[in-house]
Ligand SMILES: [Zn+2]
């Protein structure tokens with residue numbers, strides 16, 4: 001028995017670098033679980049993809065639910081046009097992280113009508129203006145993850161991300177950081193952005 005145990009230990013030692021790799025991945029998993037439950041699994045555990053999708057979408061489509069409801073903090077919707085809307089990201093990468101999307105449930109920009117497409121992209125431009133006015137960021141991440149394999153959290157309903165960035169925030173992929181700083185609460189972001197969209201409308 002003793003010999004067997006020693007042999008086992010030796011085999012373990014032989015896999016030292018593999019173990020170290022796993023340990024490193026586990027550390028990242030643990031870190032990200034507190035910050036980005038979805039992105040963690042997409043990046044490190046593709047085998048859990050279906051499971052993650054279930055967590056993200058327990059029932060129905062959150063965007064369609066928000067589109068059907070009146071604008072309020074409960075739906076995180078800060079602005080609407082005829083065909084499009086702006087909602088706060090419930091799990092922001094940074095303060096002021098918003099999503100710009102069509103109201104209609106649609107997985108592909110090519111399936112939007114011309115009217116929906118132009119409305120969406122017009123709103124995208126307005127949203128960029130508002131984010132700049134509201135947060136005075138040094139830069140903005142602005143983009144669309146098209147499809148689950150491209151990193152879309154809710155792949156069946158397209159949505160652009162707009163993320164204000166500041167020099168030194170380093171929060172976009174905090175793989176080595178212990179903390180992610182989001183200075184503003186969702187309630188504060190909601191009030192600030194609703195006000196800014198309203199102000200912009202009044203100026204028109
Ligand atoms: Zn939807």
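Bear in mind these aren't lab numbers, they're just calculated from the coordinates by the rules spelled out. All values reported here derive from a predicted model rather than from experimental measurement. With ideal geometry, Cβ positions are generated from the backbone for all residues, glycine too; neighbour counts draw on all protein chains shown.
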Could you check the spin-label model distance between residue 187 and residue 144? Points 7 Å from the Cα along Cα→Cβ, value in nm.
3.5
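Assuming R0 = 35 Å, what is the FRET efficiency of residue 68 and residue 167, from their Cβ-Cβ distance, to the nearest 0.05?
Numbers: r = 40 Å, r/R0 = 1.13.
That gives a FRET efficiency of 0.30.
How large, in Å, is the range 60-203 by the Kirkwood hydrodynamic radius built from its alpha-carbon pairs? Display every interim value, and only then the final one.
On the way: mean 1/r = 0.0645 Å⁻¹.
Roughly 15.5 Å, rounded to one decimal.
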Proxy reagent accessibility, fewest Cβ within 10 Å first, across 190, 73, 63:
73, 190, 63
Contour minus Cα-Cα distance for residue 133 and residue 115 (0.36 nm per residue):
3.8 nm
